[in-house]
Amino acid sequence: MTGYVARRLLAVVGTLWAMSILIFAIVHVLPGNVAYTILGEYATPSSVAVLEAKLGLNDPLPLQYWRWFSAMLHGDFGQSLVMDRPAAPVILDALGRSTILAGLSFLMVASLGITLGVYAATHKGTLSDRVLALAQFLFIAVPDFFWAILAILFFASLLHWLPATGYEPLAEVGLLAWLSHLILPVCVLAIGLIAHVSRLTRSSMLDVLDSRYILAARAKGLPERLVLRRHALPNALLPTITILAIDAGILIGGVVVVETVFAYPGLGRLLVFAIEHHDLPLLQAGMMMITAIYALANLAADLAYAFLNPRIRFGGAAA
Amino acid sequence: MSGVPRTLLLGGAVLAAIALLAIAGPWLTPYDPTGFSVRARFSPPSAAHWFGTDEFGRDVLSRVLAGAHYSLAIGFGAMTICLVFGVPLGLLAAFHRGVVDEAIMRAVDLLISLPPILLGMLILAVTPPNLWKTIVAVGIVYIPILARLTRSVALGLLEEDFVQAARARGEGSVSILWREILPNAWSPIIVESGLRVTFAILLGSSLSFLGLGPQPPGSEWGLMIAESRQFIDRAPWVGLAPGLCLCVLLIAVNLFGEGLREYLDPRLRGRAHG
């Protein structure tokens with residue numbers, strides 16, 4: 001197990017390093033003069049020259065890369081050009097708020113998705129299973145930004161139950177006002193993934209329920225609830241963990257869109273801001289942060305899988 | 001038509017209808033999709049303007065029709081790019097185990113270490129966006145998935161007896177590739193790309209919702225929805241019309257993809273659909 005963890009950690013470090021090269025390359029090698037991008041197309045040649053000198057853009061690319069990369073290793077994530085502040089605190093602030101949003105959504109996806117999936121599997125073929133299947137099919141086909149528009153239209157414009165956009169800090173406005181700004185984005189972020197998770201939980205639960213050891217458990221007279229809870233569920237949930245890891249990636253992507261629609265000041269909206277204002281250092285730093293989070297989420301899922309799966313836990317070299 | 005799944009027929013029919021509307025769009029639009037009309041600003045849906053008008057008095061139905069081709073172009077264009085690059089890369093990796101395989105698979109791992117939409121944003125961040133760049137970006141995002149799938153299918157086939165037999169007959173790599181591997185690898189590849197078109201359209205419209213796709217006055221549906229947000233209280237129809245169209249398109253493509261899988265996957269064939 002220790003060797004497995006060490007190897008996976010090493011892979012995360014490798015991914016981050018390779019990603020730093022890719023991010024740097026895309027930002028610096030793609031056509032488009034960085035200084036002109038920042039200053040706008042009407043910049044004078046002299047102001048471009050001054051900015052290029054200031055940013056060290058005349059140095060060879062490998063040197064520029066090394067300067068950026070080694071600064072990151074020392075905790076310096078560069079300077080946001082538009083805000084004229086160090087990027088790291090700006091990103092960490094936004095990350096905190098995104099974590100609240102994504103964390104609540106993830107809890108909702110895991111709990112509701114698994115519950116609905118198990119319910120559909122144990123009620124296979126009934127009307128509620130069919131209704132769930134249809135709902136899942138429709139929900140997967142609706143883009144999350146359209147869910148967001150519908151939610152704003154219905155709950156904010158029409159019913160005036162919830163604020164349409166924005167965010168208020170918990171410490172300033174109290175729990176209720178804080179939550180009221182979170183409900184719509186959290187639900188919109190979760191809704192498509194709940195459908196995804198429940199659909200796959202249903203099918204893995206059905207596979208397990210078909211297996212012989214469940215037949216044996218039933219044959220020895222165990223009450224159905226025990227069969228489900230003690231025997232079927234732990235095994236049916238193993239593939240769900242992998243699905244939840246994949247969905248964590250979709251969730252991180254969804255955060256970008258949902259934060260933009262709801263004007264929620266998180267990391268996703270910060271990245272869109274960085275692109276709109278050509279704040280390339282901020283963009284690079286934010287992308288590195290997202291890569292790191294995604295890699296860690298995958299690592300966590302792999303470790304949880306390995307920990308819960310006896311074949312890997314006791315198998316040593318497997319995986 | 002027995003044997004052809006109903007989902008494939010239904011999805012295909014709706015998809016064909018949308019494609020026809022997209023191609024014939026420029027001739028069908030009742031108004032000029034970019035024509036301003038100050039007096040008709042924010043008209044609700046009526047007999048004259050079925051989907052109403054937007055903040056410049058432009059007819060929303062005309063704009064939706066004129067924008068139908070974007071999503072189709074992104075979805076199917078990106079998938080073509082995936083097939084053209086992903087399949088050869090996967091085959092190359094399967095045929096040349098060792099350094100080539102290692103290099104290709106590490107590149108694949110790298111590209112999937114960012115969630116799709118963020119990889120798309122990164123690719124489109126620096127240069128000014130347009131339709132073609134969005135198609136290429138979405139294509140690049142999904143190349144790794146097809147490369148990986150092709151590689152695993154080809155590796156499986158390489159172990160099969162009929163390929164071993166071809167080797168024993170002394171056939172060259174190219175001949176084995178063309179005559180033994182590809183004909184047998186097509187169906188899982190087509191199935192996967194059929195299912196991926198839905199994701200490609202979703203990703204493309206999300207990117208253009210964020211401003212990283214076709215630019216105004218183009219009327220890509222995701223972009224139209226993004227623009228409608230400012231006056232969602234006054235004129236909800238401006239965003240609802242393209243949004244509902246996008247949903248219909250996505251459902252049709254998804255049905256088509258699922259139907260294709262049912263039709264081509266021998267394990268699913270003949271199984272009752274429920």
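Here chain B is assigned +1 on the Cβ of each Lys and Arg and -1 on the Cβ of each Asp and Glu. Its dipole about the Cα centre then comes out at about 160 debye.
Take the Cβ-Cβ distance between B:Ala24 and A:Ala216 as r, set R0 to 60 Å, and report the resulting FRET efficiency rounded to the nearest 0.05.
Numbers: r = 62 Å, r/R0 = 1.04.
Between B:Ala24 and A:Ala216 the formula returns 0.45.
Note on A:Leu73 and A:Ser47: the extension gain reaches 6.3 nm, defined as 0.36 nm multiplied by sequence separation minus the Cα-Cα distance. Calculate the spin-label point distance for A:Leu61 paired with B:Thr80, positioning each point 7 Å from the Cα along the beta-carbon direction, and give it in nanometres. So the two model labels end up 2.9 nm from each other. Label-to-label distance, B:Arg97 versus B:Val248, with points set 7 angstrom from Cα along the beta-carbon direction: 5.2 nm. Note on chain B: with a GNM built from Cα contacts shorter than 10 Å, the maximum mean-square fluctuation among B:Arg41, B:Arg58, B:Arg196 falls on B:Arg41. Along the axis of the charge dipole computed for the stretch B:135-192 (Cβ charges of +1 for Lys and Arg, -1 for Asp and Glu, origin at the Cα centre), the listed residues B:Val136, B:Leu158, B:Val191 are led at the positive end by B:Val136.
Summary value for chain A: 27 percent relative contact order, contacts being C-alpha pairs under 8 angstrom separated by 6+ residues.
How high is the relative contact order of the stretch A:126-206, in percent, with contacts defined as C-alpha pairs under 8 Å that are six or more residues apart? Let's see the in-between values first.
Working: 50 pairs, mean separation 30.8, N = 81.
Taking the mean separation of contacting Cα pairs over the length of the stretch A:126-206, I get 38 percent.
Please get the size of the charge dipole for the stretch A:190-319, origin at its Cα centre, with Cβ charges of +1 on Lys and Arg and -1 on Asp and Glu, quoted in debye to the nearest 20. Roughly 920 debye, rounded to the nearest 20. Couplings 3J(HN,Hα) for the stretch A:218-229, derived from phi with the Karplus relation 6.51 cos²θ - 1.76 cosθ + 1.60 (θ = phi - 60°), are 5, 5, 7, x, 5, x, 3, 5, 5, 4, 5, 6 Hz, where x marks Gly and Pro. Dipole of the protein assembly as shown computed with +1 at Lys/Arg Cβ and -1 at Asp/Glu Cβ about the Cα centre; of A:Thr201, B:Pro45, A:Ser98, farthest Cα towards the positive end is A:Thr201.
Under the rule a/c < 1.5 gives rounded, and otherwise a/b versus b/c splits prolate from oblate, where does the protein assembly as shown land using the Cα gyration tensor?
rounded
Restriction of the GluC sites (Glu not before Pro) in the stretch A:167-260 to DSSP coil positions whose beta-carbon has at most 15 other beta-carbons within 10 angstrom yields no sites.
Exposure proxy check: B:Thr7, A:Thr2, B:Thr127, A:Thr15 ranked by fewest other beta carbons within 10 Å?
Working: B:Thr7 19, A:Thr2 6, B:Thr127 12, A:Thr15 22.
The fewest-first ordering by Cβ neighbours comes to A:Thr2, B:Thr127, B:Thr7, A:Thr15.
Remark: relative contact order (the stretch B:61-152) = 50 percent; criterion is Cα-Cα distance under 8 angstrom and separation of 6 or more residues. Residues A:Ser203, A:Ser198, ranked from the fewest to the most other C-beta atoms within 10 Å, line up as A:Ser203, A:Ser198. Projected label points at A:Met83 and B:Glu160, each 7 Å from Cα along the beta carbon direction, are separated by 5.6 nanometres.
What value, in deg cm²/dmol to 500, does the helix sum -39500 (n - 2.57) over DSSP H runs of n ≥ 4 give at 222 nm once divided by the residues of the protein assembly as shown? Present the calculation step by step, with values, prior to reporting the outcome.
Numbers: 22 runs with 417 residues, N = 593.
It comes out at -24000 deg cm²/dmol, rounded to the nearest 500.
To make sure I understand the rule: partners must be lysines, Cα under 20 Å from the Cα of A:Lys54, and not fewer than 8 residues away in the same chain. Which ones qualify? Excluding near neighbours in sequence, the set is empty. Assign one of three labels to chain A, namely rounded, prolate or oblate, based on the Cα gyration tensor with a ≥ b ≥ c the square roots of its eigenvalues; rounded applies when a/c is under 1.5, prolate when it is not and a/b is larger than b/c, and oblate otherwise. Here chain A falls in the oblate category. Each Lys and Arg Cβ is given +1 and each Asp and Glu Cβ -1; about its Cα centre, the stretch A:73-187 then shows a dipole of about 440 debye.
Values quoted throughout were computed directly from the atomic coordinates according to the rules given, and no laboratory measurement underlies them. Nothing here was measured: the structure is a model prediction, and the numbers come from that model. Ideal geometry is used to build each Cβ from the backbone, glycine not excepted, and the neighbour counts take in all protein chains shown.
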